[in-house]
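Chemist: Pasting a structure here, questions to come.
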2 protein chains.
Amino acid sequence: MNSTDAAQKAPAKDPWELPDVSGLVVGVLGGTGDQGRGLAYRLARAGQKVIIGSRAAERAETAARELGHGVEGAANAECARRSDIVIVAVPWDGHAATLTALRDDLAGKLVVDCVNPLGFDKKGAYALKPEEGSAAEQAAALLPESRVTAAFHHLSAVLLQDPAVEKIDTDVMVLGEVRADCETVQALAARIPGMRGVFAGRLRNAHQVESLVANLISVNRRYKAHAGLRITDV
Amino acid sequence: MNSTDAAQKAPAKDPWELPDVSGLVVGVLGGTGDQGRGLAYRLARAGQKVIIGSRAAERAETAARELGHGVEGAANAECARRSDIVIVAVPWDGHAATLTALRDDLAGKLVVDCVNPLGFDKKGAYALKPEEGSAAEQAAALLPESRVTAAFHHLSAVLLQDPAVEKIDTDVMVLGEVRADCETVQALAARIPGMRGVFAGRLRNAHQVESLVANLISVNRRYKAHAGLRITDV
């Protein structure tokens with residue numbers, strides 16, 4: 001890393017001083033998929049009020065009952081409207097269409113995109129490059145009245161969903177344009193035992209964070225692991 | 001991470017069983033820059049024979065004397081010819097031209113590209129997208145007779161060069177097409193106290209590893225840190 005860690009201006013405040021988010025309602029679009037279900041479970045288990053969304057309200061309600069911990073299920077639009085923070089955990093295939101349909105419901109909301117645009121072939125996973133640069137930038141383009149951030153990309157859905165796992169040993173890279181929004185998401189990540197939310201740049205640098213999942217898939221395969229990431233020296 | 005950590009075929013061998021690389025000569029092209037100098041210092045301090053290369057032999061020799069630990073300096077071509085493993089730590093600007101000029105000298109060598117193609121503006125660092133996909137894939141395209149891998153992207157040049165730092169608390173993601181080549185580079189990374197070399201995929205997934213440095217720069221700025229990465233659960 002050349003000239004990257006040169007002296008920088010002192011931050012105006014302690015970067016670990018984060019807001020209290022315990023009273024916020026968290027919606028999870030795509031909450032019936034593995035990633036969404038795992039995040040919903042962890043956040044609800046940590047005491048957060050969680051509503052999972054699905055195209056069919058009934059499917060979301062069934063999944064919510066299975067998750068317990070007070071999780072509710074609703075159709076995507078209702079999930080969005082009732083939530084303060086909305087995590088987007090839908091498959092990349094349906095990303096643009098889902099967000100376009102929910103534009104009004106997501107207006108004014110803090111949106112957290114955790115979608116990884118990946119392709120798969122015989123050689124494994126590889127990064128797809130969205131026209132907008134990344135899934136998060138696509139969300140920002142489609143949701144001009146929402147506050148869009150990106151986070152929760154590198155979590156193992158297996159670990160998230162395993163009730164026997166007490167702590168998830170990983171950091172969550174949080175990206176966004178507005179410091180207060182990033183800090184809210186960092187605080188949300190920190191609700192989950194073992195996790196920290198670490199600010200990791202603007203949305204224009206989301207693509208590499210999203211697509212690093214392809215590398216973690218290679219790690220998982222080689223080491224038979226559920227790999228995550230820790231950022232050292234912070 | 002959806003369906004990423006599903007059960008995979010058992011590896012044929014223990015992924016931590018790595019070759020003995022202590023007898024190999026390591027060349028560092030761009031060895032007078034911060035990153036190259038730091039890597040040369042760490043590897044030589046760990047007992048590796050290191051030759052740093054520069055366009056001007058004299059500059060390389062001067063830098064080598066400053067580094068001590070038996071480091072030698074030479075012009076790039078001689079550095080390449082005398083080395084078994086050649087680390088490419090040149091600036092992205094000169095990457096293609098340097099490798100093109102050294103194609104014959106690098107034939108048959110194990111090449112380790114650690115170049116991060118980045119741009120900088122008022123908002124900080126951002127990823128550049130090489131036409132070939134990544135710096136590593138550019139190297140592979142320009143060096144058809146070399147064995148090209150990618151590694152050592154996320155290291156703090158400040159920490160590498162600081163003699164008071166005993167251990168570098170970070171993992172090194174190693175990418176490549178040939179398992180034996182990757183294992184050699186993983187073993188080389190593991191020579192440096194605190195580091196592990198972790199296989200992290202094929203060269204087609206190098207871009208996100210290279211450009212993640214833009215995110216680490218944001219981390220460094222926000223947390224006043226020299227951030228590195230650890231891969232958890234491996």
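The values are calculated or read from the model by the stated rules, or taken from the named source; none is laboratory data. Values in this document were obtained by computation on a predicted structure and should not be read as measured data. Neighbour counts are summed over all protein chains in view; Cβ atoms, including those assigned to glycine, are modelled from backbone coordinates with ideal geometry. Keep in mind that these areas ignore ligands, DNA and RNA; they rest on the heavy atoms of the full protein, side chains included. Shrake-Rupley method; radii C 1.70, N 1.55, O 1.52, S 1.80 Å.
Chemist: Given the -39500 (n - 2.57) contribution per DSSP H run of 4+ residues, what per-residue ellipticity at 222 nm results for chain B, rounded to the nearest 500 deg cm²/dmol? All intermediate terms of the calculation are to be shown ahead of the outcome.
Modeler: Numbers: 8 runs with 80 residues, N = 234.
After summing the helix terms and dividing by the residues of chain B, the value is -10000 deg cm²/dmol.
Chemist: Given a 1.4 Å probe and every protein chain left where it sits, what share in percent of the accessible area of the protein assembly as shown is carbon and sulfur?
Modeler: Details: 8770 of 17760 Å².
That fraction is 49 percent.
Chemist: A:ILE231 accessible area, nearest 10 Å², 1.4 Å probe?
Modeler: So the heavy atoms of A:ILE231 present about 10 Å² to solvent.
Chemist: Could you tell me the calculated FRET efficiency between A:ASP93 and B:SER22, based on Cβ-Cβ distance and R0 = 60 angstrom, to the nearest 0.05?
Modeler: The computed FRET efficiency comes out at 0.75.
Chemist: Apply the a/c threshold of 1.5 to the C-alpha gyration tensor of region B:21-223 and tell me whether it is rounded, prolate or oblate.
Modeler: rounded
Chemist: How many nm separate the modelled label positions at A:GLU177 and B:LYS123, each set 7 Å beyond the Cα in the direction of the Cβ?
Modeler: Distance between label points: 0.7 nm.
Chemist: Moving on. Over the whole of A:194-202, what's the average partner chain Cβ count within 10 Å per residue? Rounded to a whole number, please.
Modeler: Partner-chain Cβ atoms within 10 Å, mean over residues of A:194-202: 5.
Chemist: Sort region B:113-191 into rounded, prolate or oblate with this rule: let a ≥ b ≥ c be the square roots of the eigenvalues of the Cα gyration tensor; rounded if a/c is under 1.5, and if a/c is not under 1.5, prolate when a/b is larger than b/c, oblate otherwise.
Modeler: Judged from the Cα gyration tensor, region B:113-191 comes out oblate (a/c at least 1.5, b/c at or above a/b).
Chemist: To continue, here is another question. Which percentage, to the nearest 5, of the DSSP beta bridges contained in region A:83-202 is antiparallel?
Modeler: Here the share of antiparallel DSSP bridges comes out near 30 percent.
Chemist: For the protein assembly as shown, rounded, prolate or oblate, judged on the Cα gyration tensor with a ≥ b ≥ c (square roots of eigenvalues), a/c < 1.5 rounded, else prolate if a/b > b/c?
Modeler: Numbers: a/c = 2.13, a/b = 1.94, b/c = 1.10.
Note, shape of the protein assembly as shown comes out prolate.
Chemist: Can you list the copy-to-copy distances for B:GLU131, using a point 7 angstrom from Cα toward Cβ, in nanometres, shortest first?
Modeler: Here the equivalent label points are 2.5 nm apart from this one.
Chemist: Where the label is 7 Å out from Cα toward Cβ, how close does A:SER22 come to the same position in every other copy, in nm, shortest first?
Modeler: Computed spacing set for this position: 5.4 nm.
Chemist: Between B:ALA57 and A:VAL165, what is the label-to-label distance in nm when each label sits 7 Å out along the Cα-to-Cβ direction?
Modeler: Taking the simple label geometry, B:ALA57 and A:VAL165 are separated by 5.6 nm.
Chemist: Please check: in the Gaussian network model of chain A (C-alpha springs, under 10 Å), which one of A:ARG191, A:ARG45, A:ARG179 has the largest mean-square fluctuation.
Modeler: It is A:ARG179.
Chemist: State, as an integer percentage, the relative contact order of region B:63-208 based on alpha-carbon contacts under 8 Å between residues 6 or more apart. Don't skip to the end; give the middle numbers.
Modeler: Details: 239 pairs, mean separation 27.3, N = 146.
Reported relative contact order: 19 percent.
Chemist: Ok, one more. Rolling a 1.4 angstrom probe over the protein heavy atoms, how many square angstrom per residue are accessible across region A:21-223?
Modeler: About 35 Å² of surface per residue is accessible.
Chemist: Take every DSSP beta bridge with both residues inside the protein assembly as shown and express the antiparallel ones as a percent of the total, to the nearest 5.
Modeler: 25
Chemist: Given N residues in region A:181-227, what is its alpha carbon radius of gyration divided by 2.2 N^0.38 Å?
Modeler: 1.39
Chemist: Sticking with this one: Could you sort B:ASP233, A:ASP93, B:ASP162 by their accessible area in this structure, using a 1.4 Å probe and putting the largest first?
Modeler: Greatest to least solvent exposure: A:ASP93, B:ASP233, B:ASP162.
Chemist: Taking the convex hull of the Cα atoms, report for region A:70-123 its projected area averaged over all directions, in nm².
Modeler: The number I arrive at for region A:70-123 is 4.8 nm².
Chemist: A further question follows. I want the local charge near A:ALA151. Using Cβ-Cβ distances under 12 Å, sum +1 for each Lys or Arg and -1 for each Asp or Glu among the other residues.
Modeler: -4
Chemist: Still on this structure, I have one more. If you take every DSSP beta bridge fully contained in chain B, what fraction is antiparallel? Give it as a percent rounded to 5. Don't skip to the answer; put the middle values down first.
Modeler: Working: 6 of 32 bridges.
Antiparallel bridges make up about 20 percent of those DSSP assigns within chain B.
Chemist: Right, something else. Shortest first and in nm with one decimal, please list how far the B:GLU58 label point sits from its counterparts in the other copies (point 7 Å along Cα→Cβ).
Modeler: Relative to the other copies, B:GLU58 has label-point distances of 8.4 nm.
Chemist: Which residue, A:ARG147, A:ARG42, A:ARG204, has the most motion in a Gaussian network model of chain A that connects Cα atoms within less than 10 Å?
Modeler: A:ARG204
Chemist: Counting protein heavy atoms only and a 1.4 angstrom probe, how many square angstrom of accessible surface do chains A and B bury in total, to the nearest 100?
Modeler: 5800
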